[in-house]
1. Pick out the one residue from Ala297, Ala364, Ala301, Ala344 that is out of contact with any helix residue (DSSP H, G or I) (no Cβ under 9 Å at 6 or more places or on another chain) and small (Gly, Ala, Ser).
2. Quick one: in the range 266-323, of everything that is in contact (Cβ under 8 Å) with a residue 24 or more places away in the chain and assigned to a helix (DSSP H, G or I), which residue is farthest from Asn86 (Cα to Cα)?
3. Give me the residue from the range 143-170 that is more than 20 Å from the chain's Cα centre (by Cα) and not in a loop (DSSP other than H, G, I, E, B) and, out of that set, surrounded by the fewest Cβ atoms within 10 Å (Cβ to Cβ).
4. Considering only residues that are touching a Ser or Thr at 6+ places or on another chain (Cβ under 6 Å) and not charged (D, E, K, R), look in the range 130-160 and name the one that is farthest from Phe94 (Cα to Cα).
5. As an exercise: evaluate Pro378 against (1) over 20 Å from the mean Cα position of the chain (by Cα); (2) within 30 Å of Pro157 (Cα to Cα) and give the number of the one condition it does not meet.
6. I need the full set of residues from the range 46-82 which are among the small types (Gly, Ala, Ser) and either under 29 Å from Asp296 (Cα atoms) or in contact with an Asp or Glu (Cβ under 6 Å, 6 or more places away or on another chain) (or both), in order please.
7. Taking the range 357-394 only, how many residues are part of a strand (DSSP E or B) and either within 22 Å of Thr60 (Cβ to Cβ) or without any contact (Cβ under 8 Å) to a residue 60 or more places away in the chain (or both)?
8. Can you name the residue in the range 324-341 that is at pLDDT below 95 and of a type outside the set (A, V, I, L, M) and is also nearest to His85 (Cα to Cα) among such residues?
Amino acid sequence: MTSTDPGAPEAPRSPESAPAGGHSGPPRTVLTGARVVLPGGTVPGARVVVEGDRLADPATVPADAPATVVDLPGCWIVPGFVDLHNHGGGGASFSSGTVEEILRGVRTHRAHGTTTLVASTVTGDLDTLAVRAGMLSELAEDGEIAGVHFEGPFISPCRKGAHSESLLRHPDPAEVRKLVEAARGQARMVTLAAELPGGVDSVRMLSEMGVIAAVGHTDATYEQTVEAIEAGATVATHLFNAMPPLGHRAPGPVTALLEDERVTVELIDDGVHLHPGALQLAFRHAGGARVALITDAMDAAGFGDGRYLLGPLEVDVVDGVARLAGDGTIAGSTLTLDRAFRRAVTDDALPVEEVVAAISTTPARLLGLDDRIGSLEPGKDADLVVLDEEFTLRGVMRKGTWVVDPRQG
């Protein structure tokens with residue numbers, strides 16, 4: 001497998017990708033020989049036609065039409081991955097890095113199949129977060145990321161995880177609004193503990209503003225979580241993690257979030273954050289239509305072991321597992337979505353189509369981008385991932401350009 005340097009600008013289309021004579025429209029590429037996961041199911045040997053930066057209807061393109069043909073026998077072609085919750089990668093943090101460093105992190109994840117990414121912040125003081133929101137919003141306006149997710153500071157000190165307790169705050173609606181407005185229309189999601197003072201009012205306000213309110217890092221009861229959902233919360237931030245466990249007398253937020261069909265639940269399938277039984281439980285109750293597989297990645301994703309900073313906190317990454325220095329609390333992950341896809345299919349034995357829904361279609365719909373991404377349909381962006389028979393990544397295309405070319409390597 002050969003990919004472009006994750007820290008460099010995406011490669012221009014190579015000369016061999018230029019269309020053959022007689023085709024006066026945008027460059028055309030035809031992918032053949034693979035099993036293609038379409039909205040209606042998997043189709044063996046289907047053609048995928050790319051014209052410029054969009055997918056075209058194969059039925060309208062004759063088999064002998066001028067095109068660059070890429071034959072992919074034994075492979076799978078699936079939609080590009082969509083990550084709702086990602087703090088960094090390639091040694092770069094979305095919460096503290098420069099623009100160049102953030103782009104390196106984004107391109108690291110693109111090389112692992114994530115063609116659409118929402119950049120997540122961690123808890124900080126409001127002024128610093130507002131400045132960061134402004135920087136990230138520019139990258140969203142340029143199309144490099146799909147928006148901003150604020151994880152903290154409006155979370156419970158009882159379930160803070162890898163967030164600095166001294167910087168936590170109650171979710172005062174005025175302060176929540178300040179952060180959202182700092183993102184200049186690019187705020188996509190805010191994670192908060194709705195049981196805290198101002199929590200439900202903030203959920204209601206976010207819903208009215210068209211921003212996803214996510215329940216997470218919470219010590220809420222079942223009843224408090226139901227109240228938050230009724231107020232407009234529609235996402236569970238990394239379900240099971242940083243919230244009370246399910247109990248038979250105190251079912252807590254997990255039960256409320258799983259049982260309500262209005263809620264999409266995030267899951268981190270890295271073999272560390274969740275026991276396989278918990279993941280299977282979530283899929284049985286919510287299915288791919290209500291599960292979003294995420295990374296919750298930090299700087300070390302795609303980079304390696306070592307010591308890092310997550311906000312002001314030191315994190316040690318050993319054997320790919322990130323934990324706070326000192327107390328050993330799990331501190332995000334080093335996951336990439338190609339690994340999550342492979343694990344979900346091979347280790348968790350989930351149907352490929354259900355995994356595609358959870359890693360592409362459902363998060364695209366949640367972001368309101370399903371008219372452009374999330375499935376392989378004519379007219380949508382040519383965002384796709386090529387996997388081999390063992391579900392190892394072989395190719396990534398974003399908007400018609402190969403990020404990882406399956407013909408190389």
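1. Ala364
2. Looking at residues that are in contact (Cβ under 8 Å) with a residue 24 or more places away in the chain and assigned to a helix (DSSP H, G or I), I get His285.
3. Here the residue is Ser166.
4. Applying the filter and picking the extreme gives Ser156.
5. Single failed check for Pro378: (2).
6. Gly74, Gly80
7. 2
8. Gly332
The values are calculated or read from the model by the stated rules, or taken from the named source; none is laboratory data. A quick note: this is a predicted structure, and the numbers were derived from the prediction, not measured. As a convention, Cβ positions derive from the backbone with ideal geometry for all residues, glycine included, and neighbour counts pool all protein chains shown.
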